[in-house]
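First comes the structure, then the notes that go with it.
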Amino acid sequence: MNCFVTGCSGFIGANLVHELVAQGHTVKALLRPGADRRGTANIPFEAIAGDLADPEGLERAMRGCDWCFHVAASYHLWLPDYRPMYAANVDGTRHVLTAAARAGVSRIVYTSTVGCIGLPNPGHSPVTPTNEETPVAEGQMSNHYKRSKWQAELVARDLASQGLPIVIVNPSAPVGPRDVKPTPTGKVIVDFLNRAMPAYLETGLNWVHVRDVAIGHILAAEKGRIGERYILGNRAGNWTMKEAFRVLEQVTGIRGPAMRIPYFVAWTAAQIDERISSFTGRPPKAPIAGVRMARYKMFFDPTKAVRELGLPQTDPKQALADAVAWFQENGYAPKARARSAGL
């Protein structure tokens with residue numbers, strides 16, 4: 001298939017381009033001038049200069065394509081001005097999806113987030129993972145990133161209801177190779193490897209191999225039902241941070257942080273940090289939005305994607321081991337011989 005991808009300089013986008021090419025598809029990818037191309041180094045694809053704010057240019061670039069994958073998003077938990085984030089995530093999504101339809105693309109995959117899926121009830125023990133049918137409470141949209149992505153998903157769902165061939169995917173917390181920036185989850189691994197994490201704030205994530213997420217996008221184009229959304233996660237990947245550190249200890253031989261930061265301490269520190277950022281303009285090390293999200297066990301059930309799409313379920317331990325190996329091989333942390341962790 002001839003494929004068009006936005007967001008290829010990001011973590012999921014780079015892995016998606018890699019997987020598409022590996023499967024024999026032809027790829028055009030939208031790149032802004034000066035975009036970081038390290039994640040797609042040595043991958044043969046056609047780079048298209050363009051911008052999410054240019055619907056006519058997007059339509060021209062997508063002519064002749066069979067599939068469109070809209071992965072690009074502005075992901076920040078703190079900004080001095082959030083208007084550009086809404087412009088990219090909401091307006092940009094509308095521009096890409098409508099341009100793809102006008103260009104005659106037969107299937108459009110929109111990358112949302114599990115932040116648009118209802119969270120588990122914190123009062124239940126053990127925590128019950130949620131799925132695509134779990135309603136989102138208003139309080140869950142606790143930061144501008146989540147609100148902008150929720151509004152963007154509503155755009156995608158509305159256009160699908162009008163007949164556009166859109167399938168929505170909601171990745172959880174991917175880890176693995178090509179995390180160039182790195183992402184917040186990748187930064188946890190990098191800090192762990194560099195022994196730069198004396199303490200931690202407990203939370204829970206659904207850890208999934210980024211390769212499975214990339215393959216899930218392709219499976220959504222092949223098999224996904226129009227207008228439906230699919231959680232791209234791992235049924236065995238619902239781990240607390242403490243459990244994830246235990247696996248990292250097994251993989252690396254490095255002792256994880258033993259001290260857990262109380263929530264109120266993290267909250268107070270984040271408020272002070274953001275107050276300072278309001279004067280300096282520099283992003284806070286611990287934004288309030290991140291602390292708020294850490295209050296919840298973000299556990300999800302990807303059974304629908306496994307059943308309908310055939311989403312792979314790589315052992316999350318392998319995902320962490322592959323992330324460790326990539327970060328070490330690419331200079332983010334000292335090289336060391338990773339242990340097998342029983343893999």
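All of the numbers you see were taken from the coordinates with simple rules; none came from a lab. As the structure is a prediction and not an experimental result, all values here were calculated from the model. Don't worry about glycine lacking a Cβ; one is built from the backbone with ideal geometry, like all the others, and counts go over all protein chains shown.
Summary of values
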| quantity | calculated |
| --- | --- |
| Dipole magnitude of the stretch 6-86, debye to nearest 20 (Cβ charges: Lys/Arg +1, Asp/Glu -1, about Cα centre) | 140 debye |
| Percentage relative contact order, the stretch 1-94, counting C-alpha pairs under 8 Å, at least six apart | 33 percent |
| For the chain, the spread of Cα positions along each principal axis, largest first, Å | 55, 41, 41 |
| For the stretch 61-163: relative contact order, % (alpha-carbon pairs under 8 angstrom, 6 or more apart) | 34 percent |
| Amide H contacts under 5 Å for residue 69, placed H, 5+ residues apart | 4, 5, 6, 109 |
| Ranked 295, 83, criterion: other C-beta atoms within 10 Å, fewest first | 83, 295 |
| Theoretical gain in end-to-end length, residue 335 to residue 79 [0.36 nm per residue, Cα-Cα removed] | 88.8 nm |
| Two-site FRET efficiency, residue 60 against residue 296, from Cβ-Cβ distance with R₀ of 35 Å, rounded to 0.05 | 0.25 |
| Relative contact order of the chain, pairs being alpha-carbon contacts under 8 Å that are 6 or more residues apart, as % | 19 percent |
| Additional length obtainable on full extension of the chain from residue 282 to residue 35, 0.36 nm per residue less Cα span | 86.8 nm |
| Ratio Rg/Rh [Cα only; Rh per Kirkwood] for the stretch 139-296 | 1.01 |
| Fraction of beta bridges assigned by DSSP in the chain that are antiparallel (%, nearest 5) | 10 percent |
| Highest-MSF residue in the chain out of 320, 79, 193 [GNM, Cα springs under 10 Å] | 79 |
| Anchor residue 146: lysines whose Cα lies under 24 Å away (excluding residues fewer than 8 positions away in-chain) | 181, 187, 285, 297, 304 |
| Most mobile listed residue (163, 92, 227) in the chain, GNM with C-alpha springs under 10 Å | 163 |
| Sparse-neighbourhood loop sites, trypsin sites (Lys or Arg not before Pro) in the stretch 136-198 - DSSP loop, at most 13 other Cβ within 10 angstrom | 195 |
